[in-house]
Amino acid sequence: VMSILLHGDAAFAGQGVVYETFHLSDLPSYTTNGTIHVVVNNQIGFTTDPRMARSSPYPTDVARVVNAPIFHVNADDPEAVMYVCNVAAEWRNTYNKDVVVDLVCYRRRGHNEMDEPMFTQPLMYKQIHKQVPVLKKYADKLIADGTVTLQEFEEEIAKYDRICEEAYARSKDNKILHIKHWLDSPWPGFFNVDGEPKSMSCPPTGISEELLTHIGNVASSVPVEDFKIHSGLSRILKARAEMTKNRVVDWALAEYMAFGSVLKEGIHVRLSGQDVERGTF
């Protein structure tokens, strides 16, 4: 399995979650052993110039915090893009570290159907209107090289258009939308046949007082003999043992009992996040 994240250029530089996940990339228990980040860099954030959106010339500079290699490639050159993507995959497989592919390209139309880019980016869009589309540019090169004939190219285009048209026609026959079809791993027993959630009633989760007492005693003991622990911790453990004896719980002991009861059933518990090992929360 290889994780691939697709980003927009403005989002890559502007969304804090990108920076945060880069800093998770090498942490034990969190690493994905290298993620390939593909940035579709159309050099504009909705209608904002890059120079008004970030302090760096490259949106990908945020990846430098983990020394990830960053490949800037002209998206009008499909062979260069393929080459760079192969290098990125090889880097990730060899070193198990993050790598970034910055596809430097442009957006031919507006941000959405309502957006007229000439209002906010007249100079850029004058240039874009003169650009030969990448498909035509590459097709002309392949035909000139004799790699494909004009007829082969036209047949390929017609074949693709036909696939799209047939799918569009079929989509009109779908009258019902099933939620379960959109789940990549349908949870058995979670949805009924119509794709609606089943009733959300919880099974009983209570356990015997004897088991709770046992967990409380274990949670207030030191697992290793002759192990000198901090006196402040000693006090906490003693207070916890007293609570167990007096059939009283506080929030921390209740958590211990919840974790302990799950562990007793052989279910692995992973504590994740800051300060959890100390039992602060």
Worksheet entry | Checklist (1) in a loop (DSSP other than H, G, I, E, B); (2) touching a His at 6+ places or on another chain (Cβ under 9 Å); (3) small (Gly, Ala, Ser) applied to GLY260, failing item | (1)
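Given the residues TYR138, TYR125, which is the only one that is surrounded by 14 or more Cβ atoms within 10 Å (Cβ to Cβ), hydroxyl-bearing (Ser, Thr, Tyr) and not assigned by the TED database to the domain that holds TYR30?
Working: TYR125 fails: not assigned by the TED database to the domain that holds TYR30.
Residue meeting the stated conditions: TYR138.
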Practice prompt. With a cut-off of at least 2 residues that are open to solvent by 70 Å² or more (accessible area, probe 1.4 Å), name the helices (runs of 4 or more DSSP H) lying wholly within the stretch 1-112.
Written response: 16-24, 50-53, 78-95
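The values are calculated or read from the model by the stated rules, or taken from the named source; none is laboratory data. What you see is a predicted model, and the numbers here were worked out from it, not measured in a lab. Reconstructed Cβ throughout: ideal geometry from the backbone, glycine too, with neighbour counts over all protein chains shown. The accessibility values were calculated without ligands, DNA or RNA, using every heavy atom of the protein model including side chains. Shrake-Rupley method; radii C 1.70, N 1.55, O 1.52, S 1.80 Å.
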